[in-house]
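Novice: Structure in structure tokens, see below.
Every read-out reported here was derived from the displayed coordinates using simple, explicitly stated rules and does not represent laboratory data. Just so we're clear, the structure is a prediction, and the values are computed from it rather than from any experiment. Quick reminder, even Gly has a Cβ in these numbers, built from the backbone with ideal geometry, and neighbours come from all protein chains shown.
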Amino acid sequence: MKKLLSTTILSATFAVGMLAAAPAFAEDVLHIPNLSYRTGPFAGTGIPLMNGQRDYMTMLNERDGGVNGVKLSYEECETGYNTEKGVECYEKTKGEGIVTQPWSTGITLQVLPKSNVDKRAILAPGYGFSPMADGKTFQWAFNPPSSYWDGAQMLLSYVSGGNLDSLKGKKIALIHLDHPYGKEPIPLLEALAAKHGFTFMAIPVGLKEMQNQSAQWLQIRRENPDFVFMWGWGAMNAGAVNEAVKTKFPMEKFLGIWWSGHDGDMASAGAAAKGYRAISWNVPVNDAPVMADIKNYVADAGKSDTPADQAGWVFYQRGIAISMFLVEAVKAAQANFNTKTVDAEQVRWGLENLKIDEAKLKELGMGGMVVPFQTSCSNHTGHGGAWIIEWDGAKFNKVSDQLQADRAAIEPLEAAKAKEYADANAPWPMQECK
């Protein structure tokens, strides 16, 4: 495995001081692998996310000596967002790793059946297979704080003013990456279109078409939908926004999922894309205490690769939030099992017992940065909701109150698809929840 960087690099002074206790120190390390993608067609989105994750881990090591006296060994295995390479990285890192972070819906789907056998929890915040919310069926998979189906329903609720029946007779297009990730919302959008009487059309974008979407936007211009939702990634987002500008598609009718709300993707369109909106379960809070600590202990100390002008990006701060989710799961497991060096099964318990409420966020210096949520045995997502963010020509700003998905509209399909998956992969172990 190619290790890009480990946050357990020690200063020479600290290392000398620890020599006599080397055997004990070797045991007090938690290995946290990340299946990163700093190369390939999606590197522009992967880099700030991975930087945020790494910088938070580094900050904890530098400021606190790790988590309750245990150092965090954060190691990346480069996948290039390629599913085959991702599976290889999973196999290489699962031994010592206390969790796996696939960073691709395609990789997540490949790793999902392995998780029951290997007993390694999958942490896929805001991505992956939406029915993973069902903790009874997917006991080793977690996708907090909101699923793709939560996001799709919230987008519909937002554009309809909270009444999906008002969409009757309207037309909604989904321009999406032709990849498992991009196809995730389709089953729910089809079901809701049939129920509420709007026309739904899916417009795929192949990997080779991401930067030239003229055919897709010609179709959009011809069909003239009332709204276009985007499930894009990397270069596809920038390509779509620029095509929308070129074809004069109204930005107020163009909205994306949280992976289509990246500052770096909007730079080429700049002011011309003003008014584009996305749904997001995190928002930048640049003056948050945690940001000051990262600047003090990591950036100013020369231990970060993050350019100063990217510290306020949505994706960089999302990476920070994701590492926080995992660290809080570690803390919960340490407290419950009365041990500092928790193992993978104990971390799974921690992920299943996360309580990230307003009080916890304030305690962590992250107030307002992430939607509050709580997981449980049967609920592995938390369904914390999200906000709408809007591009002002230079940056994203929060422009809505916190939205919540209509779970009653989602749960029947979620249960049906979870059962369908378990039946197709029988015998599939189920978890009993009280």
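Novice: Rank these for me by crowding, Leu218, Leu112, Leu189, going from fewest to most other beta carbons within 10 Å. Show your work: numbers first, answer last.
Specialist: Values: Leu218 12, Leu112 20, Leu189 23.
Sorted ascending by nearby Cβ count, the order is Leu218, Leu112, Leu189.
Novice: Give, as a single signed number, the net charge of other residues whose beta carbon lies under 10 Å from the beta carbon of Arg407, with Lys and Arg counted +1 and Asp and Glu -1.
Specialist: On the way: positive: none; negative: Asp150, Asp406, Glu411, Glu414.
That sum, taken over residues with Cβ under 10 Å, equals -4.
Novice: May I ask for the net charge around Gly232, where only other residues with Cβ less than 13 Å from the Cβ of Gly232 are counted and Lys, Arg are +1 while Asp, Glu are -1? Write down the numbers at each step before the final one.
Specialist: Numbers: positive: Lys183; negative: Asp178, Glu184, Glu209, Glu243, Asp265.
That sum, taken over residues with Cβ under 13 Å, equals -4.
Novice: In segment 149-280, if the dipole is taken from +1 on Lys/Arg beta carbons and -1 on Asp/Glu beta carbons about the Cα centre, which of Gly151, Leu164, Asn237 is farthest to the positive end?
Specialist: Result: Leu164, furthest along the dipole toward the positive end.
Novice: OK, next. Which ordering of Arg318, Arg222 is given by a fewest-first count of other beta-carbon atoms within 10 Å? If you can, show how the numbers build up before the last one.
Specialist: Numbers: Arg318 27, Arg222 7.
With the fewest neighbours first, Arg318, Arg222 line up as Arg222, Arg318.
Novice: May I pose another question? Ignoring everything except DSSP H segments at least 4 long, calculate the 222 nm mean residue ellipticity for the chain; use -39,500 (n - 2.57) per segment, divide by total residues, nearest 500. Numbers along the way, then the final one.
Specialist: On the way: 16 runs with 176 residues, N = 434.
Using -39500 (n - 2.57) per qualifying helix, the result is -12500 deg cm²/dmol.
Novice: Towards the positive end of the charge dipole of the chain, with charges on Cβ (+1 Lys, Arg; -1 Asp, Glu), say which of Gln431, Thr341, Gly106 has the farthest Cα.
Specialist: Value computed over the given set: Gly106.
Novice: Also: What do you get when you divide the Cα radius of gyration of segment 45-177 by 2.2 N^0.38 Å, with N the number of residues? Show your work: numbers first, answer last.
Specialist: Details: Rg = 18.2 Å, N = 133, 2.2 N^0.38 = 14.1 Å.
So the Cα radius of gyration is 1.29 times the expected 2.2 N^0.38 Å.
Novice: Against the longest alpha carbon principal axis of the chain, how many degrees, from 0 to 90 and to the nearest 10, is the axis of helix 148-159 turned?
Specialist: Orientation of helix 148-159: about 40 degrees from the principal axis.
Novice: To continue, here is another question. At what distance in nm do the modelled label points of Asp64 and Ala424 sit from each other, each positioned 7 Å from its Cα along Cα→Cβ?
Specialist: Label-label distance for Asp64 and Ala424, simple model: 4.0 nm.
Novice: Could you give the size of the charge dipole of segment 45-189 about its Cα centre, using +1 on the Cβ of each K and R and -1 on the Cβ of each D and E, expressed in debye and rounded to the nearest 20?
Specialist: Values: 14 positive and 16 negative charges, 82 e Å.
It works out to roughly 400 debye.
Novice: With +1 on each Lys and Arg Cβ and -1 on each Asp and Glu Cβ, and nothing else charged, work out how big the dipole of segment 149-280 is about its Cα centre, in Debye to the nearest 20.
Specialist: Details: 13 positive and 12 negative charges, 84 e Å.
I would put it at about 400 debye.
Novice: Determine the percent antiparallel among the DSSP beta bridges restricted to the chain, to the nearest 5. Could the numbers behind the result be given before it?
Specialist: On the way: 13 of 39 bridges.
Bridges in the chain that DSSP calls antiparallel: roughly 35 percent.
Novice: Now a separate question. Angle check, please: helix 314-337 long axis (alpha carbons) against the longest principal axis of the chain (alpha carbons), in degrees 0 to 90, nearest 10.
Specialist: 50 degrees
Novice: How do Met57, Met251, Met266 rank when sorted from fewest to most other Cβ atoms within 10 Å of their own Cβ? Walk me through the numbers on the way to the answer.
Specialist: On the way: Met57 28, Met251 19, Met266 25.
Placing the least packed residue first, the sequence is Met251, Met266, Met57.
Novice: Something else about it: Semi-axes of the chain's equivalent ellipsoid from the Cα gyration tensor, sqrt of 5 times each eigenvalue, largest first, rounded to whole Å?
Specialist: Working: eigenvalues 251, 124, 75 Å².
Result for the chain: semi-axes of 35, 25, 19 Å.
Novice: May I ask you to compute the full-extension gain from Ala415 to Lys195, defined as 0.36 nm times their residue separation minus their alpha-carbon distance, rounded to one decimal in nm?
Specialist: This chain segment gains 77.4 nm when fully extended.
Novice: What is the P(r) of segment 149-280, as percent of Cα-Cα pairs per 10 Å bin from 0?
Specialist: In order of increasing distance, the bins hold 13, 49, 33, 5 percent.
Novice: Please turn the phi angles of segment 123-136 into ³J(HN,Hα) values with the Karplus equation 6.51 cos²θ - 1.76 cosθ + 1.60 (θ = phi - 60°), one per residue in order, whole Hz, x for glycine and proline.
Specialist: 10, 10, x, x, 8, x, 6, 4, x, 4, 4, 7, x, 5
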